[in-house]
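I have placed the structure first, in the form of structure tokens, so that the comments after it can refer back to it.
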Amino acid sequence: MKKITFRLVYNRKKKLNKEEKALIQIEAYFEKQKTYFSSHIYVKPINWDAKRKMVVKHPHQVELNRLLHEFILDLEYKELELWKQGIPLSIKNFKYHITQQKTGKSAFLTESRKWVEKSSRKESTKKNLQTTIELLECYFPTLTFQELDYSFLSNLEDLLRKKEYNINTIAKHLR
């Protein structure tokens, strides 16, 4: 199976900011397509070794290099998660999933709201469903479809019991 290639890129846009520093980015390359992720790390040109792709001659060079490599490891881990979930790999798909995780938007909660709005159920039922969605949004803002399993439901039930919800209310939310 093909893998996304990650590498560090310094000053891709060939511009320095007001402090005479440039951004270090992570390039993701797969099947002749590229995308870039910001590391949010800026250094001066003298502090970047283009050959070794690392920060040098900087008071925090060890920490910065560690952060950069951890960022790449995190991207590789997310790529592996997509493989495990059977999600087809492409740069566009990968970037979508990374962006979705960073913004904290939950695909499950978003789709649930849409489903309730379009539903032909009674207004009282829709209101109950919206209450459950709001509850999930409060305690599990990044909930995904893949996380919906028995252990999630058990954790939700425990949480609702600790919040002293009545047994019928807990059952309603679990349904």
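The values are calculated or read from the model by the stated rules, or taken from the named source; none is laboratory data. Please read all numbers here as calculations on a predicted model, not as lab measurements. Neighbour counts are summed over all protein chains in view; Cβ atoms, including those assigned to glycine, are modelled from backbone coordinates with ideal geometry. Just so you know, the surface numbers come from the protein's heavy atoms only, side chains and all, with ligands and any DNA or RNA stripped out. Shrake-Rupley method; radii C 1.70, N 1.55, O 1.52, S 1.80 Å.
Of all residues in segment 23-52, those that are in a strand (DSSP E or B), farther than 17 Å from Asp74 by Cα and free of Cβ contacts under 8 Å to residues at least 40 places away in the same chain total 5. The number of residues in segment 4-16 being open to solvent by 60 Å² or more (accessible area, probe 1.4 Å) and either in contact with a helix residue (DSSP H, G or I) (Cβ under 7 Å, 6 or more places away or on another chain) or free of Cβ contacts under 8 Å to residues at least 40 places away in the same chain (or both) comes to 6.
Within segment 23-60, the set of residues being of a type in the set (Val, Ile, Thr) and open to solvent by 30 Å² or more (accessible area, probe 1.4 Å) comprises just one member, Ile46. Restricted to helices (runs of 4 or more DSSP H) entirely inside segment 53-140, those with at least 1 residues that are more than 25 Å from Gln25 (Cα to Cα), touching a Leu at 6+ places or on another chain (Cβ under 8 Å) and without any contact (Cβ under 8 Å) to a residue 24 or more places away in the chain are 107-118, 123-139.
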